[in-house]
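The values are calculated or read from the model by the stated rules, or taken from the named source; none is laboratory data. Since the model is a prediction, treat every value here as computed from it, not as a measurement. Cβ coordinates were reconstructed from backbone atoms using ideal geometry, including for glycine residues, and neighbour counts include every protein chain displayed. What goes into the accessible areas is simple: the full protein's heavy atoms, side chains included, and nothing from ligands, DNA or RNA. Shrake-Rupley method; radii C 1.70, N 1.55, O 1.52, S 1.80 Å.
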Amino acid sequence: MTIAPLQSADLVVTPLAGGLGAEIGGVDTAAPLGSETVEQVRCALLRHKVVFLRDQRLDYASQAAFARRFGGLTLGHPIYQAPENRPEVREIDSREGTRANHWHTDLTFVDRPPALAFLHNKIAPPVGGDTMWANTVGAYESLPEPLRALADQLRIVHSNDSDYTDATVAAREAYISRLFETEHPAVHVHPETGERALLGGGFARRAVGFSPQASRDLLRILQEYVTRPENTVRWRWRAGDLAIWDNRATQHYAVHDYGAQDRRAERCTVAGSVPVGVDGRPSTVLAGDMTAYNAGVA
């Protein structure tokens, strides 16, 4: 089904793919914005899961101020030290060995993964360095009924000592020097839309109650539904682009095909709530103190 672009005053929302993703035009996120405009951006985000705005001239203060219109911000990262005087930003810099070329939902090893992420691109390589997003709500809805019934009951342990870490983190030992583990439902209920979404990705370690081999097989099968091409959108970055995604309804993958070229961006994240399964059971912490990560949240 073709979805027509949405328009309101100067704001235009144009879908990019059938499964998720839209580009928003007519919004300067560095300028003072009325509540109506912010609400329109939020509605577009909830509908399309990830939205993109070109040519945004943001510094730390204006990026954090815009993101804060959507909720309280977390610290930049639960493990990495934030830049001095910029506690709510996470620098993502290829020169520091930072990459995210593994399908994941951000920071699912904590008990309250971020709800929303705001990534502002500073330097884009001339070729390569795209990012792909996948719709975890659409993935759940596409599961065959027997598999969906099984997923509804599954609990999955997520950890920073994970496949994601092995594949993407240069200083692995430092990254896992403090262990963070949380048991999440495999399917959680989105707190704003009521939609059911798969909660998996690269930080998922094992399915509770299953052998290691069975866990790997279950996670692989569910992940295949998430990353089907028709369930994805791919964004070609330019400097100044701002991507906003609903971390509760997506996974993403930063394509590492740009060699030694520079790729740099800065991310702010809106704090999330504890995920709740379809049976009403919330996630539970198994290891690690996540209190400081959400310290800035009212």
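Does Arg86 meet the test of being in contact with a Lys or Arg (Cβ under 7 Å, 6 or more places away or on another chain), open to solvent by 20 Å² or more (accessible area, probe 1.4 Å) and at pLDDT below 95?
no
Which is free of Cβ contacts under 8 Å to residues at least 24 places away in the same chain and of a type outside the set (Lys, Arg), of Asp257, Asp279, Asp262, Asp289?
Numbers: Asp257 fails: free of Cβ contacts under 8 Å to residues at least 24 places away in the same chain; Asp279 fails: free of Cβ contacts under 8 Å to residues at least 24 places away in the same chain; Asp262 fails: free of Cβ contacts under 8 Å to residues at least 24 places away in the same chain.
It is Asp289.
Which of the residues belonging to segment 242-298 are over 12 Å from the mean Cα position of the chain (by Cα), assigned to a strand (DSSP E or B), under 29 Å from Leu154 (Cβ atoms) and among the aliphatic types (A, V, I, L, M)?
The answer is Val276, Val285, Leu286, Ala287.
Take segment 9-31 and flag every residue that is open to solvent by less than 50 Å² (accessible area, probe 1.4 Å) and free of Cβ contacts under 8 Å to residues at least 40 places away in the same chain. It would help to see each step written out before you state the result.
Step one: filter segment 9-31 for residues open to solvent by less than 50 Å² (accessible area, probe 1.4 Å), giving 11-13, 15, 17, 19-22, 24-25, 27, 29-31.
Leu11, Val12, Val13, Pro15, Ala22, Ile24, Gly25, Val27, Ala30, Ala31 - these are the residues of segment 9-31 that are open to solvent by less than 50 Å² (accessible area, probe 1.4 Å) and free of Cβ contacts under 8 Å to residues at least 40 places away in the same chain.
Six or more apart or on different chains, Cβ under 6 Å: which pairs go from a residue in segment 224-248 that's farther than 10 Å from Phe52 by Cβ to one that's among the hydroxyl-bearing types (Ser, Thr, Tyr)? Could you list them?
Tyr225/Ser142; Val226/Thr136; Asn247/Thr105
Under the condition of being surrounded by 22 or more Cβ atoms within 10 Å (Cβ to Cβ) and among the acidic types (Asp, Glu), which residue from segment 240-268 is farthest from Thr227 (Cα to Cα)?
Glu266
When the residues of segment 53-64 are narrowed to those that are assigned to a loop (DSSP other than H, G, I, E, B) and touching a residue at least 60 places away in the same chain (Cβ under 8 Å), which ends up nearest to Ser177 (Cα to Cα)? Outline the logic, then answer.
The initial filter retains those residues of segment 53-64 that are assigned to a loop (DSSP other than H, G, I, E, B), namely 54-59.
From the residues that got through so far, the ones that are touching a residue at least 60 places away in the same chain (Cβ under 8 Å) too are 54-58.
Details: Arg54: 38, Asp55: 39, Gln56: 37, Arg57: 37, Leu58: 34 Å.
The residue in question is Leu58.
Looking only at segment 190-235, filter to residues that are part of a strand (DSSP E or B) and open to solvent by 50 Å² or more (accessible area, probe 1.4 Å); which one of those is nearest to Asp163 (Cα to Cα)? Before the answer, list the steps.
Of the residues in segment 190-235, the ones part of a strand (DSSP E or B) are 196-198, 201, 204-207, 232-235.
From the residues that got through so far, the ones that are open to solvent by 50 Å² or more (accessible area, probe 1.4 Å) too are 196, 205-206, 234.
Details: Arg196: 25, Arg205: 8, Arg206: 11, Arg234: 23 Å.
Top of the filtered list is Arg205.
Can you name every residue in segment 205-236 that is more than 21 Å from Pro144 (Cβ to Cβ), more than 17 Å from the chain's Cα centre (by Cα) and not small (Gly, Ala, Ser)?
Residues satisfying the conditions are Arg205, Arg206, Val208, Pro212, Gln213, Arg236.
What's the total number of residues in segment 73-88 that are touching a strand residue (DSSP E or B) at 6+ places or on another chain (Cβ under 8 Å) and among the β-branched types (Val, Ile, Thr)? Give the steps one after another, and end with the answer.
Quick first cut of segment 73-88, residues touching a strand residue (DSSP E or B) at 6+ places or on another chain (Cβ under 8 Å) only: 73-74, 76-77, 80, 82-83, 88.
Restricting the remaining residues to those that are among the β-branched types (Val, Ile, Thr) gives 74.
Going through segment 73-88 one residue at a time, the tally reaches 1.
Need the failing condition index for Ala67 against (1) crowded, with 17+ Cβ neighbours inside 10 Å; (2) in a loop (DSSP other than H, G, I, E, B), just the number.
(2)
Exactly one condition in (1) under 25 Å from Ala134 (Cα atoms); (2) more than 17 Å from the chain's Cα centre (by Cα); (3) in contact (Cβ under 8 Å) with a residue 12 or more places away in the chain is not met by His77; state its number.
Failed condition: (2).
Of everything in segment 133-166, what is at pLDDT below 95 and of a type in the set (Gly, Ala, Ser)? Give them in sequence order.
Ser162
Please enumerate the residues belonging to segment 38-56 that are of a type in the set (Val, Ile, Thr) and either open to solvent by 40 Å² or more (accessible area, probe 1.4 Å) or closer than 22 Å to Asp130 by Cα (or both). Walk me through it before giving the result.
Filtering segment 38-56 down to residues of a type in the set (Val, Ile, Thr) leaves 38, 41, 50-51.
If the condition is that a residue be of a type in the set (Val, Ile, Thr) and either open to solvent by 40 Å² or more (accessible area, probe 1.4 Å) or closer than 22 Å to Asp130 by Cα (or both), then Val50, Val51 are the ones that fit.
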